[in-house]
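A short worksheet on the structure shown next.
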Amino acid sequence: MGLRIYALVLRHLYLYRRSVTRIGDIFFWPVMNLLVWGFVTDYLQRMALPQTVVFLIGGMIFWDLLYRSQQAITLSLSEEIWVRNIMNVFIAPVSILEIMIATCIVGVLKALAVMVVLGVLAYGLYAFNVLAMGWALVPFFSILLLFGWAVGMFTTGLALRFGHAAEALIWGIPFLIQPFSAVFYPVEVLPRWLQTVAYLMPSTYVFEGMRTVLQAGRLDLEILAIAVGMNGLYLIGGAAFFGWMLHRVREKGLLSRLYLE
Amino acid sequence: MADEWVIEVDGLTKRFGNVTAVEDLSFSIRRGEVFGLLGPNGAGKTTTIQLMLGLTTPTAGTIRVFGLDLQRHRRAILRRVNLAATYVSLPTNLTVWENLNVFARLYGIRKPRAKIEELMELLDLAHLAWRVTGTLSSGQITRLNLCKALLNDPEVLFLDEPTASLDPEVAARVRDILRQIQQTRGITMVFTSHNMREVELMCDRVLFLARGRAVAQGTPAEIQIRARARSLEDAFIVIARDGRLHDVAEVTEAD
């Protein structure tokens, strides 16, 4: 099992080793976001709203972690569809679990790389120290990563079932989550009914928790536990949806035609 | 001998909504045999291959490979089979070596380097090891796909139109390689092609499909005789036109 997972990870490492544009793509949007939000917050700081700076930059960095995590899962399998390699993978004696573990490993590697680059840039350009959150970083990082995987399994299921036609959804679905996750503002800003929706997302607890840590230096373990529990449910739901889509693909004989869809 | 049959297909049916792609198909393939699946476009050849690889689930019927039920033992079976097809590609942005290395590990090859070197030598790819796959010619890509398909020393090799889109010279080279591999390793091959001359050269037995149904089965020579055709290609045309096997003379008269 380990060897097959290694092979699948290796396939993606080879891809990135060779392509400067792909490596650039990992970092380009996060860095651009950081620059835009960084300068906006710099301006707000000068307007005497200093706390806003750390909230916005922190929100931006953590949001990108969630987004990259979802993308890593989805793009790994979509890539195989686009280059017509999906059948080669599915006729190899590899299980779906092994494919998923491999894509998660690739996702962790990419997320870590992005976090390090953004952390260094945020510190250098805006004196924002992501490590100031201390050990709280670990659960925040893990919850966002896992939620990204859950969403990623859902969008991967769509990619597998609908091929190219689902591309817009692959990119767009994370942005359906963003307004309700209270990334750049506290949940209390949202209308009451949307607050209920917001608290159904594990990511909301992380962004709320981040603001509490940065403001009061305190980590609320209870809300972390809720987020972890929810993540468990979302992961089970994401995996079930992916399994169902794969079943439909096999039923419809779509594997050899996905790149045409 | 019970283990003489490596593939046993019984009553295989596949429906996609209202469309019946494969209907009540039954056939068996012997160990070491080159078995041709023939028929016009849309006859159900590729669907049948995908069903035999477990990529598509059947509506009805059973498939046994190496005496094992495909539905229950798919992964165990996949370790012992492989596929090369024109509609499947290896990632074009990886080098030849990288692609083969990934798949050698996916198949759990014990000494991947030695195996890859042996196969690259056999398929005349050694000098292309560090070339990016996307820069290879059609013939080279076909050989690379074959190389990948041989990594796990398959007992059954599915070849879906392996020489399509190749020029005659390169196609002849690929056929030579396939024959050499088949003879030296005794691999069972399931072969589809629209080139009837190629089928005559390659296949021990063929199964003609038309509209998802088995129309005729036998050696290429037997099929030709039954169709009273001058060639296998004429027999193919008769079946493609009428969806069944009957006299060429009858067809000529009707024309």
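The values are calculated or read from the model by the stated rules, or taken from the named source; none is laboratory data. Since the structure is predicted, the reported quantities are computational estimates derived from the model, not experimental observations. FYI the Cβ positions are ideal-geometry reconstructions off the backbone, even for glycines, and counts take in every protein chain you see.
Suppose we filter A:R248, A:R211, A:R218 for residues that are touching a helix residue (DSSP H, G or I) at 6+ places or on another chain (Cβ under 8 Å), in a loop (DSSP other than H, G, I, E, B) and not hydroxyl-bearing (S, T, Y); which single one remains?
Going through A:R248, A:R211, A:R218 in turn, just one is touching a helix residue (DSSP H, G or I) at 6+ places or on another chain (Cβ under 8 Å), in a loop (DSSP other than H, G, I, E, B) and not hydroxyl-bearing (S, T, Y): A:R218.
Based on what the data block shows, is A:L255 in contact with a helix residue (DSSP H, G or I) (Cβ under 7 Å, 6 or more places away or on another chain), assigned to a loop (DSSP other than H, G, I, E, B), of a type outside the set (G, A, S) and under 30 Å from B:T86 (Cα atoms)? Give the derivation first.
Values: in contact with a helix residue (DSSP H, G or I) (Cβ under 7 Å, 6 or more places away or on another chain): yes; assigned to a loop (DSSP other than H, G, I, E, B): yes; of a type outside the set (G, A, S): yes; under 30 Å from B:T86 (Cα atoms): yes.
Yes, satisfied.
Every residue in segment B:79-97 that is aliphatic (A, V, I, L, M), assigned to a loop (DSSP other than H, G, I, E, B) and over 20 Å from the mean Cα position of the chain (by Cα), please.
Hit for segment B:79-97 is B:L94, nothing else.
Select from segment B:156-173 the residues that are more than 14 Å from B:V81 (Cα to Cα) and in contact (Cβ under 8 Å) with a residue 24 or more places away in the chain and list them in ascending order.
B:E161, B:P162, B:T163, B:A164, B:S165, B:L166, B:D167, B:V170, B:A171, B:R173
Just for helices (runs of 4 or more DSSP H) wholly inside segment A:107-204: which have at least 2 residues that are surrounded by 17 or more Cβ atoms within 10 Å (Cβ to Cβ) and touching a Leu at 6+ places or on another chain (Cβ under 6 Å)?
A:137-162
Quick check: anything in segment A:155-166 closer than 17 Å to A:R68 by Cα, of a type in the set (F, W, Y) and out of contact with any Cys (no Cβ under 7 Å at 6 or more places or on another chain)?
No, segment A:155-166 has no match at all.
Within segment A:66-94, track down each residue that is facing another protein chain (nearest Cβ under 7 Å) and not in a loop (DSSP other than H, G, I, E, B).
Within segment A:66-94, the subset facing another protein chain (nearest Cβ under 7 Å) is A:83-85, A:87-88, A:90-94.
Matches in segment A:66-94: A:M87, A:N88, A:F90.
If only one of B:D176, B:D124, B:D153 is away from every other protein chain (no Cβ under 13 Å), touching a residue at least 24 places away in the same chain (Cβ under 8 Å) and surrounded by fewer than 19 Cβ atoms within 10 Å (Cβ to Cβ), which one is it? Give the steps one after another, and end with the answer.
Values: B:D176 fails: touching a residue at least 24 places away in the same chain (Cβ under 8 Å); B:D124 fails: touching a residue at least 24 places away in the same chain (Cβ under 8 Å).
Of the residues listed, the single one that is away from every other protein chain (no Cβ under 13 Å), touching a residue at least 24 places away in the same chain (Cβ under 8 Å) and surrounded by fewer than 19 Cβ atoms within 10 Å (Cβ to Cβ) is B:D153.
Residue by residue, here is whether (1) within 12 Å of chain A (Cβ to nearest Cβ); (2) touching a strand residue (DSSP E or B) at 6+ places or on another chain (Cβ under 7 Å); (3) closer than 28 Å to B:T163 by Cβ holds:
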site	(1), (2), (3)
B:V6	no, yes, yes
B:R30	no, yes, yes
B:G54	yes, no, yes
B:D69	no, yes, no
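Within the bounds of segment B:40-57, is there any residue that is part of a strand (DSSP E or B) and more than 25 Å from B:F103 (Cα to Cα)?
Narrowing segment B:40-57 to residues part of a strand (DSSP E or B): none.
No, segment B:40-57 has no match at all.
Scan B:A104, B:A21, B:A76 and give me the residue that is crowded, with 21+ Cβ neighbours inside 10 Å and not in a strand (DSSP E or B).
Details: B:A21 fails: not in a strand (DSSP E or B); B:A76 fails: crowded, with 21+ Cβ neighbours inside 10 Å.
Only one candidate qualifies: B:A104.
List the number of the failed condition for B:F35; all other conditions in (1) more than 14 Å from chain A (Cβ to nearest Cβ); (2) touching a residue at least 12 places away in the same chain (Cβ under 8 Å); (3) closer than 19 Å to A:G253 by Cα hold.
(3)
Looking at segment A:205-233, which of its residues are surrounded by fewer than 21 Cβ atoms within 10 Å (Cβ to Cβ), touching a residue at least 60 places away in the same chain (Cβ under 8 Å) and within 20 Å of the chain's Cα centre (by Cα)?
Scanning segment A:205-233 gives A:R211, A:L224, A:V228.
Looking at (1) within 30 Å of B:G11 (Cβ to Cβ); (2) modelled with pLDDT of 85 or more, which one does B:E233 not meet, given that it meets all the others?
Looking at each condition in turn, B:E233 falls short on (1).
If I filter segment B:156-172 down to residues being assigned to a helix (DSSP H, G or I) and under 17 Å from the mean Cα position of the chain (by Cα), which single residue comes out as surrounded by the fewest Cβ atoms within 10 Å (Cβ to Cβ)?
B:A172
Can you tell me which residues in segment B:107-121 are more than 8 Å from every other protein chain (Cβ to nearest Cβ), out of contact with any helix residue (DSSP H, G or I) (no Cβ under 6 Å at 6 or more places or on another chain) and in a loop (DSSP other than H, G, I, E, B)?
Within segment B:107-121, B:R110, B:K111 meet the criteria.
When residues of segment A:5-18 are filtered for being among the basic types (K, R) and either more than 7 Å from chain B (Cβ to nearest Cβ) or within 13 Å of A:T103 (Cβ to Cβ) (or both), how many remain?
So in segment A:5-18, the residues among the basic types (K, R) come out as A:11, A:17-18.
Checking which are either more than 7 Å from chain B (Cβ to nearest Cβ) or within 13 Å of A:T103 (Cβ to Cβ) (or both) leaves us with A:11, A:17.
The qualifying residues number 2.
Scanning segment A:19-33 for residues that are within 14 Å of chain B (Cβ to nearest Cβ) and not charged (D, E, K, R), which turns out nearest to A:V114 (Cα to Cα)?
Within segment A:19-33, the subset within 14 Å of chain B (Cβ to nearest Cβ) is A:19-23, A:25.
Filter once more, keeping what is not charged (D, E, K, R): A:19-21, A:23.
Working: A:S19: 17, A:V20: 15, A:T21: 15, A:I23: 11 Å.
The selected residue is A:I23.
Can you confirm whether A:G253 is on the phi > 0 side of the Ramachandran plot and loosely packed, with under 13 Cβ neighbours inside 10 Å?
no
Between residues in segment B:87-99 that are more than 7 Å from chain A (Cβ to nearest Cβ) and within 20 Å of B:I109 (Cβ to Cβ) and residues that are surrounded by fewer than 23 Cβ atoms within 10 Å (Cβ to Cβ) and of a type in the set (G, A, S), which pairs lie under 9 Å by C-beta distance while being six or more apart or on different chains?
B:T95/B:A129; B:V96/B:A129; B:W97/B:A129
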